[in-house]
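Note sheet for the following structure.
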Amino acid sequence: MASSDAPAVPETGAGDTAPVSGWREQRGDGEREDRRRERRSRWYRRDVRWSPYAFIAPFFVFFLAFGLFPLLYTGWASLHRVELTAPTDMEWVGLRNFSRLLSDDFFWNALKNTFTIGVLSTVPQLLIALGIAHLLNYRLRGSMFFRVAVLTPYATSVAAATLVFVLLFGRDYGMINWVLGLIGIDPVDWQNGTWTSQLAVSTIVIWRWTGYNALIYLAAMQAIPDDLYESAALDGASRWQQFLHVTVPSLRPTILFTCVVSTIGATQLFGEPLLFNGGAGATGGADHQFQTLGLYLYEQGWVNLHLGRASAIAWTMFLILLVIGAVNWIIARRLRKSA
């Protein structure tokens, strides 16, 4: 017979383990949730840190492939004698390709033509663009239509525009000579004359880029505070005086920008003189009278097959653009100090 004073032994049934196992499951679920949150937080930090680089990576990939690598390879090829028929066969010549340019009359002719056409196209282009922007800046009926209209030539392809102007400047049946004949002027041989051909090529550039620069000027004009015009009007200034003493000084940085961009475009001018010459190729006329640096580069590399010389011309153009950029930086810095 068992003693009544013996300690009672608790019964351990299946129902007593449920709270313990449930607590363990809850604890395991909490740990897994914490680990998931930690992983999400880690991925979020990585996303915030590296996503901007991933977004801009395509630009740098394309720039390295189609910008930096061709530039460096062209510089390397400019130091060698290499022909288009055997581009992998290079003979080191150092700076000989550059020194030959200094004694090449065709190079200096192309450089002079590039400068002349650049001046003939840039100066009238920017002056006309400034006048058009000044007119569009006022409240005109249908101003949106005119803004789209001035941009239409920029959207036109170089080939289409140039071929139309070739017809306009035709010697025998061109509309320009027909108009000149009405006022008693003899027909002009636009393609074979030196100044006439350069003026004709410059006209194509002016027609294509005036509207583009006009919209740039218009955007800058709309950023000028109205208080300046109101103060000038109270002082008795006319619209012309407001334009000279308020609009133009406020547009100095924008005018400098368009001058630099137009100069760079004139240095690289290629399509207009090439197509204006018809089927004569890259000579720029019978006497090379409107051959630009771009045409001369094309003639040396893809007509005469001298890739080394063409590379030297390309790098010379690049150095000219660097000088233009340096002049732009100096002038812009002085304008900021004076302002």
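The values are calculated or read from the model by the stated rules, or taken from the named source; none is laboratory data. Fair warning: this is a prediction, and the values are worked out from it, not measured in the lab. Heads up, the Cβs are rebuilt from the backbone with ideal geometry, glycines too, and the neighbour counts pull from every protein chain shown. Ligands, DNA and RNA are excluded from the accessible area calculation, which covers all protein heavy atoms including side chains. Shrake-Rupley method; radii C 1.70, N 1.55, O 1.52, S 1.80 Å.
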| message | Condition first: open to solvent by less than 60 Å² (accessible area, probe 1.4 Å) and more than 27 Å from SER262 (Cα to Cα). Can you find one or more residues in region 55-76 that meet it? | response | yes
| In region 162-221, how many are within 22 Å of GLN289 (Cα to Cα), free of Cβ contacts under 8 Å to residues at least 24 places away in the same chain, open to solvent by 40 Å² or more (accessible area, probe 1.4 Å) and assigned to a helix (DSSP H, G or I)? | 5
| said: Looking only at region 129-160, count every residue that is surrounded by fewer than 17 Cβ atoms within 10 Å (Cβ to Cβ) and not hydroxyl-bearing (Ser, Thr, Tyr) and tell me the total. | reply: 17
| request: Look at PHE243 and say whether it is open to solvent by 60 Å² or more (accessible area, probe 1.4 Å) and in a helix (DSSP H, G or I). | output: no
| Can you tell me which residues in region 278-299 are open to solvent by 20 Å² or more (accessible area, probe 1.4 Å) and touching a helix residue (DSSP H, G or I) at 6+ places or on another chain (Cβ under 8 Å)? | GLY278, GLY281, THR283, ALA286, ASP287, HIS288, LEU297, TYR298, GLU299
